[in-house]
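Below is one structure; the comments refer to it alone.
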Amino acid sequence: MITLKKFILIILISSSCVRTEHIDILIGARCTNRANEKGVCKYYNDCLHMMNKVNRHEILKCNEQGIICCIPAPTTETNSIPIAKEIKSERISERKCKEYSKSTKSNVTVAGTRANPQPFITENDNCLHKSTQLVVGGKAAYRFEFPHQALLGYVKGRIHNWICGGSLISPKFVLTAAHCKVHEVEESGELIDYKITSVKLGMISLTKTDRDTKILRIAEFITHENFDSLSKYSDIALIRLNRNVPFSEKLHPICLPTKKYEDGQQALVTGFGRTDSRPNMSEKLMKATLEQYNHTYCNDVYFNTIDHDTMICYGNASTSNVIDSCNGDSGGPLQIKHDSIDCSYIQIGIVSFGNEHCNIEGHPGVYVNVFHFIDWIEKIVWADE
Ligand code: 4AZ
């Protein structure tokens with residue numbers, strides 16, 4: 001529909017629209033209108049969105065012959081294409097996840113054939129954990145199945161213990177639980193603090209190492225500023241390693257989540273934590289499938305101490321064979337297979353706490369909701385990007 005005002009405007013401008021050489025010089029010149037908006041001199045016909053200006057006095061003419069100061073249309077105008085708002089920019093952790101997954105591929109040169117003598121380069125997929133099988137009960141992981149799994153080492157005098165878990169998330173950072181900073185042990189009636197000193201990667205066994213196992217020193221232990229050791233709120237920390245870890249198909253990082261997962265979501269927990277009723281850590285890396293418990297139920301079990309945003313509860317509903325994480329699994333990852341990036345896992349939780357007897361029926365374990373802390377992680381891990 002054309003309003004009377006717009007009609008007058010068209011007559012006014014089109015009647016004086018004569019193109020001469022002198023006018024061509026004006027076209028493209030910068031101009032500023034009375035509202036101090038910046039534009040470019042254009043023929044009225046090349047700037048039709050200005051038709052929407054209700055007050056024609058706002059339209060500044062660059063000359064008297066149909067050239068106006070054309071102010072670019074705002075992107076929020078109703079007639080603009082509404083895609084700009086919907087384009088979701090990729091998080092740095094997503095970009096890094098794709099980049100790191102390339103370490104599981106290698107380029108190989110294939111010799112030419114008689115019919116096609118030119119050699120060509122092709123990509124080899126070296127992924128060592130292709131299966132997406134779920135695990136029934138706790139089971140030993142196979143070699144290189146969890147290439148991001150870390151073990152944290154503690155020292156007191158000449159005694160060295162591997163106690164908490166962690167996960168490699170970049171060449172220099174391991175994600176873990178804040179409560180893993182120190183390890184308290186009762187010795188002859190006294191509480192002794194063991195200090196964290198090292199990180200082990202690329203291992204399948206608690207104590208044995210081989211040529212794929214790496215032991216690194218800790219440069220810095222960064223505890224989340226809101227960590228509360230009593231409630232275990234914000235039980236999340238980052239370990240800065242003293243050097244970069246070279247990636248391969250045997251050792252590469254886990255990805256961070258891009259969303260919060262729902263009740264019933266299944267995930268794998270891994271660690272060297274206590275199994276059955278044995279008092280010691282497991283010699284083998286173990287894996288178990290758990291599922292997300294409803295928040296209200298979990299909050300009831302833990303006497304209203306579970307924070308809905310920062311904590312998630314995972315357990316196993318089986319009554320015959322209760323599966324759980326346990327002492328020593330703390331700091332380790334709760335993960336799922338990546339649905340779109342080949343050979344990658346996504347870490348949705350960090351083992352935080354639970355019932356001290358572990359496999360109690362109807363008693364899920366409590367995990368840090370990693371998704372809630374993505375901004376905090378990204379700011380530290382990829383600070384220079
Ligand atoms: C621990 O002390 C621990 N069942 C970790 C997880 C759970 C219990 C205890 C959850 O490291």
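Only sites in a loop by DSSP and with at most 10 other Cβ atoms within 10 Å count here; which GluC sites (Glu not before Pro) in the stretch 211-251 make the cut? Please list the in-between numbers first.
Values: sites: 220, 225, 249; in loops: 225, 249.
Taking the stretch 211-251 and a limit of 10 other Cβ atoms within 10 Å, the loop GluC sites (Glu not before Pro) found are 225.
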(request) Round to the nearest 10 and report in Å² the accessible area of residue 48, as given by a 1.4 Å probe over the protein chains' heavy atoms. (result) 100 Å²
(request) Would you please name the trypsin sites (Lys or Arg not before Pro) within the stretch 211-245 that are DSSP coil residues with at most 16 other C-beta atoms within 10 Å of their C-beta? (result) 211, 243
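How big is D for the stretch 139-380, in µm² s⁻¹ as a whole number, if Stokes-Einstein is applied with the Kirkwood radius of its Cα pairs at 37 °C and 0.692 mPa s? Kindly include the intermediate steps, with their values, before the conclusion.
Details: Rh = 17.8 Å.
Taking Rh from Cα pairs, D becomes 184 µm²/s.
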(message) Check which residues have an amide H placed less than 5 Å from residue 249's amide H, if you skip close sequence neighbours.
(response) none
(message) Taking θ = phi - 60°, what integer Hz values does the Karplus form 6.51 cos²θ - 1.76 cosθ + 1.60 yield along the stretch 346-357, in sequence order, with x for Gly and Pro?
(response) 10, 8, 9, x, 10, 4, 10, 7, x, 5, 5, 8
(request) Determine the relative contact order of the stretch 258-385: mean sequence separation of Cα pairs under 8 Å and six or more apart, normalised by residue count, in whole percent. (result) 25 percent
(request) Kindly point out which whole DSSP H helices in the chain project their C-alpha atoms 15 angstrom or further along the helix axis while averaging a Kyte-Doolittle hydropathy of -0.5 or above. (result) 4-15
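Taking the solvent-accessible surface of protein heavy atoms with a 1.4 Å probe, what is the per residue accessible area of the stretch 185-249 in Å²? Mind showing how you got there, number by number?
Working: 3660 Å² over 65 residues.
That works out to 56 Å² per residue.
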(message) Given an 8 Å cut-off on Cα distances and at least 6 residues of separation, report the relative contact order of the chain as a percent.
(response) 14 percent
(message) Per DSSP helix of 4 or more residues, -39500 (n - 2.57); summed, then divided by the residues of the chain. What does that give at 222 nm, rounded to the nearest 500?
(response) -3000 deg cm²/dmol
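Round to a whole number: what % of the accessible area of the stretch 260-385 belongs to carbon and sulfur, probe 1.4 Å? Walk me through the numbers on the way to the answer.
Numbers: 2530 of 5600 Å².
The computed percentage sits at 45.
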(request) For residue 96, go through the lysines and keep the ones whose alpha-carbon is under 19 Å away, minus same-chain ones fewer than eight residues off. (result) 88, 105, 172, 250, 259, 337, 379
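How about the stretch 257-296: which GluC sites (Glu not before Pro) there are in a DSSP loop, with at most 12 other Cβ atoms within 10 Å of their Cβ?
Details: sites: 262, 283, 291; in loops: 262, 283.
Answer in residue order: 262.
The values are calculated or read from the model by the stated rules, or taken from the named source; none is laboratory data. Note that the coordinates shown come from a computational prediction; the quantities given were computed from them, not determined experimentally. Reconstructed Cβ throughout: ideal geometry from the backbone, glycine too, with neighbour counts over all protein chains shown. Only protein heavy atoms, including side chains, enter the accessible area calculation; ligands, DNA and RNA are left aside. Shrake-Rupley method; radii C 1.70, N 1.55, O 1.52, S 1.80 Å.
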